[in-house]
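*Asks:* Questions regarding the structure given below will be posed in turn.
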Amino acid sequence: MPRKLLAVNDSAWLFAESHRTPMHVGMLANFRVPADQPTFVADLVARWREERRFAPPFNFLFKRGPVPSWVEVPDEEIDLDYHLRHSALPAPGSQRELGVLISRLHSAKMDRRYPLWECHVIEGLEEDRWSLYFKAHHSQVDGVGGVRLLRRTMSADPGARGMLPPWAIGTRGPDQSGIVRASRAVEPARVPATPLVTKAAGAVAGANAVASSLGRTYLETVTGRRECDQAAPYRAPKTIFNGRIHTPRRFATQHYPVDRLRAVAQAADGSLNDVFLAICGGALRRYLAENDALPTETLTANVPVSVRPATSGASVGNAITFLYASLGTDVDHPLERMEAIQASVRLGKSRLPAVGRAGMDAYTAALMAPFLGQSILGLGGRGRPASNLVISNVPGPSEARYIDGSRVEEIYPVSLLFNGQALNITAVSYDGEFNIGYTGCRDSLPSLQRIAVYSGEELERLESAYRVG
């Protein structure tokens with residue numbers, strides 16, 4: 001069977017994995033059952049069980065040695081009964097029952113004897129709805145890559161029927177989106193051969209840029225001297241989010257119209273992501289204060305940044321780097337918090353090296369090496385944290401999507417945790433809505449749902465402060 005070597009940054013997620021810290025990410029989508037098809041879910045599952053074609057990465061099996069690799073497994077050797085699960089919620093089938101089920105499903109580490117994915121079809125959600133929970137290993141897909149796979153799987157055409165399941169689409173199966181991408185029939189330009197000395201000079205310049213960026217990023221970590229609005233690795237205060245974690249997870253959700261966040265962003269002369277960080281900062285400040293656990297220093301967020309080209313298609317593996325940003329939890333006023341976050345994000349972005357994909361992979365590997373090294377050695381959560389939590393924002397489809405005419409109503413990300421980071425907040429925008437998933441360690445965070453509630457109240461505070469809405 002053919003082998004595909006893993007990139008260093010991808011294999012790190014596998015070696016950092018344990019039963020307490022499974023390294024998979026998930027997607028929860030809620031659908032409306034078509035009014036004229038009361039048996040829609042059962043019929044869909046029955047049809048999907050007959051689909052035995054598997055596209056990458058859903059036919060990849062991990063082999064640890066002699067070097068970390070993916071082996072492409074023949075279709076007939078994949079046990080679909082293991083990967084495809086059909087469940088039903090207990091009555092009344094509310095968001096609470098759904099959250100409990102997703103928390104339990106997301107807690108379990110996947111069996112490496114099989115390709116690393118699961119598809120759960122869940123019926124019985126209130127108001128004639130059903131859910132699809134899909135999880136895959138982070139070594140195979142990051143947030144942006146996962147959304148690109150989703151775009152290929154779900155159609156923008158409500159009339160599309162007989163659609164293939166996600167595992168038959170992957171990165172090589174047919175694009176079911178129904179969206180025609182504009183293409184230009186232009187004769188490719190002839191690229192002149194680059195002299196070897198020029199290539200060498202470019203490699204040296206890239207290495208210098210990476211070294212310079214790492215030096216600036218870790219300067220305050222090493223010296224303890226803080227630049228204005230600086231957020232650096234291993235200078236975050238230790239909080240209840242930053243101890244050792246356990247296997248059980250909690251999952252909560254929240255969603256708002258994207259236009260509400262955009263209105264605040266416009267008033268603040270910032271970005272939608274600035275507003276998202278400010279909402280999270282305010283919610284976390286209130287949550288920690290109520291638990292008598294608010295540090296005097298501001299919390300620091302690790303913010304993933306996609307380096308995947310906008311024009312590239314779905315692919316296996318990760319294409320992300322990270323920046324560190326202040327959350328302004330040391331101030332109560334929402335406008336002051338927003339200003340602190342914006343300044344910190346600008347500084348963080350200025351530190352990212354202007355290099356190509358290979359250079360950025362090297363930068364990310366070096367930047368995250370201490371953190372992932374701790375995870376691999378089982379030392380996470382014992383000292384000062386690299387950051388307090390991960391906060392991520394992934395743009396999703398801007399138009400409504402369907403599976404066999406069943407409309408997707410919401411899409412929520414379900415993320416991963418580490419020893420030393422018991423909370424992850426990730427958002428996906430979809431069809432005019434901003435959908436946030438809160439993934440936490442059940443034993444570390446009492447009443448995780450309060451953070452989701454406080455997020456909405458912090459958005460209202462921002463709207464009031466900026467006089468929008």
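*Asks:* Considering only region 87-110, state which residues are surrounded by fewer than 18 Cβ atoms within 10 Å (Cβ to Cβ), under 21 Å from Ser447 (Cα atoms) and of a type in the set (S, T, N, Q).
*Replies:* Ser94, Gln95
*Asks:* Here's something else I'd like to know. Taking the conditions exactly as written (closer than 26 Å to Lys63 by Cβ, free of Cβ contacts under 8 Å to residues at least 12 places away in the same chain and either surrounded by fewer than 19 Cβ atoms within 10 Å (Cβ to Cβ) or not β-branched (Val, Ile, Thr) (or both)), does Glu118 satisfy them or not? Lay out the reasoning, then the answer.
*Replies:* Values: closer than 26 Å to Lys63 by Cβ: yes; free of Cβ contacts under 8 Å to residues at least 12 places away in the same chain: no; either surrounded by fewer than 19 Cβ atoms within 10 Å (Cβ to Cβ) or not β-branched (Val, Ile, Thr) (or both): yes.
When the stated conditions are applied, Glu118 does not pass them.
*Asks:* For Ile411, work out the one condition from (1) under 30 Å from Leu367 (Cα atoms); (2) under 17 Å from the mean Cα position of the chain (by Cα); (3) modelled with pLDDT of 95 or more it doesn't fulfil.
*Replies:* For Ile411, the exception is condition (1).
*Asks:* Here is a follow-up. For region 404-421, what are the residues that are buried (at least 24 other Cβ atoms within 10 Å of the Cβ) and not in a loop (DSSP other than H, G, I, E, B)?
*Replies:* Hits for region 404-421 are Ile411, Tyr412, Pro413, Val414, Phe418, Gln421.
*Asks:* While we're looking at this one, here's another question. With respect to the numbered conditions (1) loosely packed, with under 14 Cβ neighbours inside 10 Å; (2) part of a loop (DSSP other than H, G, I, E, B), which one is the sole condition not fulfilled by Arg53?
*Replies:* It fails just one condition, (1).
*Asks:* Show the residue pairs that are 6+ apart or on different chains and have beta-carbon atoms under 6 Å apart, the first residue being within region 31-53 and in the same structural domain as Arg161 (by TED's automatic domain parsing) and closer than 25 Å to Tyr430 by Cβ, the second being at pLDDT below 95 and assigned to a helix (DSSP H, G or I).
*Replies:* Final answer for the pair search is none.
*Asks:* Kindly provide the set of residues from region 30-49 that are touching a helix residue (DSSP H, G or I) at 6+ places or on another chain (Cβ under 9 Å) and surrounded by fewer than 21 Cβ atoms within 10 Å (Cβ to Cβ), ordered by number.
*Replies:* Val33, Pro34, Gln37, Trp48, Arg49, listed by residue number.
*Asks:* Would you point out which residue out of Asn393, Asn435, Asn424 is free of Cβ contacts under 8 Å to residues at least 60 places away in the same chain, of a type outside the set (Gly, Ala, Ser) and outside any loop (DSSP other than H, G, I, E, B)?
*Replies:* Numbers: Asn393 fails: free of Cβ contacts under 8 Å to residues at least 60 places away in the same chain; Asn435 fails: free of Cβ contacts under 8 Å to residues at least 60 places away in the same chain.
Result of the check over Asn393, Asn435, Asn424: Asn424.
*Asks:* Are there any strands (runs of 3 or more DSSP E) wholly within region 58-127 with 2 or more residues that are more than 30 Å from Ala35 (Cβ to Cβ) and not aliphatic (A, V, I, L, M), and if so which?
*Replies:* Working: elements: 60-63, 69-72, 84-88, 117-125.
Those strands (runs of 3 or more DSSP E) span 60-63, 69-72.
*Asks:* Tell me, please, whether a residue that is touching a Ser or Thr at 6+ places or on another chain (Cβ under 8 Å), buried (at least 24 other Cβ atoms within 10 Å of the Cβ), under 17 Å from Arg285 (Cα atoms) and aliphatic (A, V, I, L, M) can be found in region 425-445.
*Replies:* The answer is yes; a qualifying residue exists.
*Asks:* Run down Asp274, Asp259, Asp292 and say which single residue is over 22 Å from Gln449 (Cα atoms) and either in contact with a Gly (Cβ under 9 Å, 6 or more places away or on another chain) or outside any helix (DSSP H, G or I) (or both).
*Replies:* Details: Asp274 fails: either in contact with a Gly (Cβ under 9 Å, 6 or more places away or on another chain) or outside any helix (DSSP H, G or I) (or both); Asp292 fails: over 22 Å from Gln449 (Cα atoms).
Of the residues listed, the single one that is over 22 Å from Gln449 (Cα atoms) and either in contact with a Gly (Cβ under 9 Å, 6 or more places away or on another chain) or outside any helix (DSSP H, G or I) (or both) is Asp259.
*Asks:* Determine whether Ser398 is of a type in the set (Gly, Ala, Ser) and either within 19 Å of His137 (Cα to Cα) or crowded, with 20+ Cβ neighbours inside 10 Å (or both). Give the steps one after another, and end with the answer.
*Replies:* Values: of a type in the set (Gly, Ala, Ser): yes; either within 19 Å of His137 (Cα to Cα) or crowded, with 20+ Cβ neighbours inside 10 Å (or both): no.
When the stated conditions are applied, Ser398 does not pass them.
*Asks:* Any idea which residue in region 148-179 is nearest to Phe40 (Cα to Cα), counting only those that are surrounded by 23 or more Cβ atoms within 10 Å (Cβ to Cβ) and of a type in the set (Val, Ile, Thr)?
*Replies:* Once the filter is applied, the top-ranked residue is Thr153.
*Asks:* Same structure again: Run down Val45, Val25 and say which single residue is closer than 30 Å to Glu126 by Cβ, among the β-branched types (Val, Ile, Thr) and not in a helix (DSSP H, G or I). Give the derivation first.
*Replies:* Numbers: Val45 fails: not in a helix (DSSP H, G or I).
Going through Val45, Val25 in turn, the sole match is Val25.
Conditions tested, residue by residue: (1) in a helix (DSSP H, G or I); (2) at pLDDT below 95; (3) under 30 Å from Asp443 (Cα atoms); (4) outside the structural domain of Gly437 (by TED's automatic domain parsing).
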residue	(1), (2), (3), (4)
Gly328	no, no, yes, no
Ile341	yes, no, yes, no
Arg346	yes, yes, no, no
Ala354	no, yes, no, no
Met360	yes, yes, no, no
Ile376	yes, yes, yes, no
Ser387	no, yes, yes, no
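*Asks:* Follow-up. Going by the conditions given, is Val100 in contact (Cβ under 8 Å) with a residue 40 or more places away in the chain and either hydrophobic (A, V, I, L, M, F, W, C) or farther than 25 Å from Arg148 by Cβ (or both)?
*Replies:* On the way: in contact (Cβ under 8 Å) with a residue 40 or more places away in the chain: no; either hydrophobic (A, V, I, L, M, F, W, C) or farther than 25 Å from Arg148 by Cβ (or both): yes.
Spelling it out, it is not the case that Val100 is in contact (Cβ under 8 Å) with a residue 40 or more places away in the chain and either hydrophobic (A, V, I, L, M, F, W, C) or farther than 25 Å from Arg148 by Cβ (or both).
The values are calculated or read from the model by the stated rules, or taken from the named source; none is laboratory data. Small disclaimer: the values here were computed from a predicted structure and weren't measured. Positions of Cβ are generated from backbone atoms using ideal geometry, with glycine treated the same way; all protein chains shown enter the neighbour counts.
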